[in-house]
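The values are calculated or read from the model by the stated rules, or taken from the named source; none is laboratory data. Since the structure is predicted, the reported quantities are computational estimates derived from the model, not experimental observations. Cβ sites come from the backbone with ideal geometry, for glycine too, and all protein chains shown count toward neighbours. Areas reflect the complete protein model, heavy atoms only, side chains present, ligands, DNA and RNA absent. Shrake-Rupley method; radii C 1.70, N 1.55, O 1.52, S 1.80 Å.
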Amino acid sequence: MDQIALGDLVARYALHADRREIDAMSDLFTEDAVLVLPDAPEELDPVRVFTGRSEIAATLSVLDQIPVTFHALAGQVFGVGPEPGTATGEIACVAHHMTSRDDGKVSDLVWHCRYTDTYRLDGQTWRIARREQRIDSIETRPVRRWRGE
């Protein structure tokens with residue numbers, strides 16, 4: 001298990017999300033990967049299942065509707081997976097989503113979330129084989145100024 005490569009993998013996921021590089025994000029997954037997301041704000045546990053890179057890319061493209069995001073990795077722990085060539089990870093993240101409200105003001109929708117991951121070696125490259133996202137809490141903050149102005 002290569003903790004540096006796995007750390008880079010999860011950091012690239014966050015970076016590609018903030019840059020809206022959906023194809024690059026989906027390429028971080030194995031061809032047969034499974035992504036399980038919550039149905040926020042009603043459901044904070046992972047309930048929506050997406051399988052395969054194309055389905056994952058389609059659901060991640062919702063990021064294109066959000067003018068500015070900032071995904072801050074708050075912690076990451078990796079372990080040896082159950083099979084050779086696999087690893088596991090627990091990733092803590094604070095995800096900021098800047099949006100314009102109907103009154104013309106900007107708010108930051110903040111998700112405090114955790115990812116439970118399984119990674120698999122694909123040749124010499126670590127990829128996400130399964131990712132489940134759980135949201136611990138959601139808050140909305142006023143934004144004084146943002147680069148979308």
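Take Ile4: with every protein chain present and a 1.4 Å probe, its accessible area is about 140 Å². Basic side chains Lys and Arg get +1 at the Cβ, acidic Asp and Glu get -1 at the Cβ, and with that the dipole of the chain about its Cα centre reaches some 460 debye.
Take Glu31: with every protein chain present and a 1.4 Å probe, its accessible area is about 130 Å². Surface calculation, 1.4 Å probe, protein heavy atoms: Ser137 sits at approximately 50 Å² accessible.
Mind checking the log10 I(q)/I(0) for segment 71-125 at q = 0.14, 0.16, 0.22, 0.27 Å⁻¹? Debye, one equal scatterer per Cα, no solvent, two decimals. Relative scattering, expressed as log10 I(q)/I(0), comes to -0.54, -0.62, -0.83, -0.99. The tail of the calculated P(r) for segment 1-118 beyond 23 Å holds 31 percent of all Cα-Cα pairs. Close amide H pairs (under 5 Å, H built 1.01 Å from N) link Asp122 with Arg127, residues at least 5 positions away or on another chain. Our coupling estimate for segment 81-95, obtained by passing each phi through the Karplus curve with A = 6.51, B = -1.76, C = 1.60 and θ = phi - 60°, is x, x, 10, x, x, 10, 8, 10, x, 10, 10, 9, 9, 10, 10 Hz, Gly and Pro reported as x.
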